[in-house]
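Enquirer: Below you will find the structure I want to go over with you.
The values are calculated or read from the model by the stated rules, or taken from the named source; none is laboratory data. In this text the structure is predicted, and so the values were computed from the model without any measurement. When we count neighbours, we look across all protein chains shown, and the Cβ atoms used for this are built from the backbone with ideal geometry, even at glycine. Protein only, heavy atoms only, side chains kept; ligands, DNA and RNA dropped before computing areas. Shrake-Rupley method; radii C 1.70, N 1.55, O 1.52, S 1.80 Å.
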Amino acid sequence: MKPNVAFICVHNSCRSQMAEALAKKFASESFNAYSAGSELKKSINEDAVQYIIERIGVDMTLSQKPKLLDALPEIDIVITMGCYDVCPSIPCSHREDWGLEDPTGKGKEFFELTIDKIIDNIENLKARIDANKL
């Protein structure tokens, strides 16, 4: 059975949403991807939506929306995106923080760098899950 991985950030509107979309695109055979936050924004960050469309051809607004932690199923692995002490905590068997700076308002180049880092981290996570190291 595939583990459930949750990408968690306070607002669940940018980094965690991008991670969910990228994980579904690149690692769906290894784990189930979800995202959530402790506070709700009304929609996914518009720049994040646009740059994910440009990068992988996926419109997050068609299958994702900001959601609270209580909308998650039972989670095996929690990935916090870089909110450190203010990141919400949920029960899990493994937790790590990817330390990603919020790209909101920082332009396309910073978003692209953030997307690159998320893809690298997802590939690493996928490899560890596939090798039964998590």
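Enquirer: Between S28 and R128, what is 0.36 nm times their sequence separation minus the Cα-Cα distance? Round to one decimal in nm. All intermediate terms of the calculation are to be shown ahead of the outcome.
Expert: Numbers: separation 100, 0.36 × 100 = 36.00 nm, distance 1.41 nm.
Here the segment from S28 to R128 would lengthen by 34.6 nm.
Enquirer: If I require 24 Å or longer along the helix axis, counting alpha carbons, and a Kyte-Doolittle average no lower than -1.0, what helices from the chain are left? Use full DSSP H segments.
Expert: Working: long enough: 108-130 (32 Å, -0.32).
Correct list, ordered by number: 108-130.
Enquirer: While we're looking at this one, here's another question. Note the direction-averaged projected area, equal to a quarter of the hull surface, for the Cα convex hull of the chain, in nm².
Expert: 7.3
Enquirer: With every protein chain present, what is the per residue accessible area of the range 7-134 (1.4 Å probe, Å²)?
Expert: Here the per-residue accessible area is 51 Å².
Enquirer: In Å and from the alpha-carbon atoms only, list the Rg and Dmax of the range 23-72.
Expert: My reading of the Cα-based Rg and Dmax gives 11.7, 31 Å.
Enquirer: Let me ask something else. Summarise the accessible area of the chain (1.4 Å probe, protein heavy atoms) by the percent that is carbon and sulfur.
Expert: Answer for the chain is 49 percent, counting heavy atoms of protein chains only.
Enquirer: Using a 4.7 Å Cβ cut-off, which Cys residues in the chain lack a partner cysteine?
Expert: Taking the Cβ cut-off of 4.7 Å, the unpaired cysteines of the chain are C9, C14, C92.
Enquirer: OK, next. Give me the distance between the Cα centres of the range 18-33 and the range 56-70, rounded to whole Å.
Expert: 12
Enquirer: Something else about it: What full-extension length gain, to one decimal in nm, is calculated for S63 and L113 as 0.36 nm per residue of separation minus the Cα-Cα distance?
Expert: Roughly 15.6 nm would be gained on extension.
Enquirer: Something else about it: For the range 1-108, what is the charge dipole size about the Cα centre, in debye to the nearest 20, if Lys and Arg each add +1 at the Cβ and Asp and Glu each add -1 at the Cβ?
Expert: 260
Enquirer: For the chain, what's the relative contact order in percent, using C-alpha pairs closer than 8 Å and at least 6 residues apart?
Expert: Relative contact order comes out at 30 percent.
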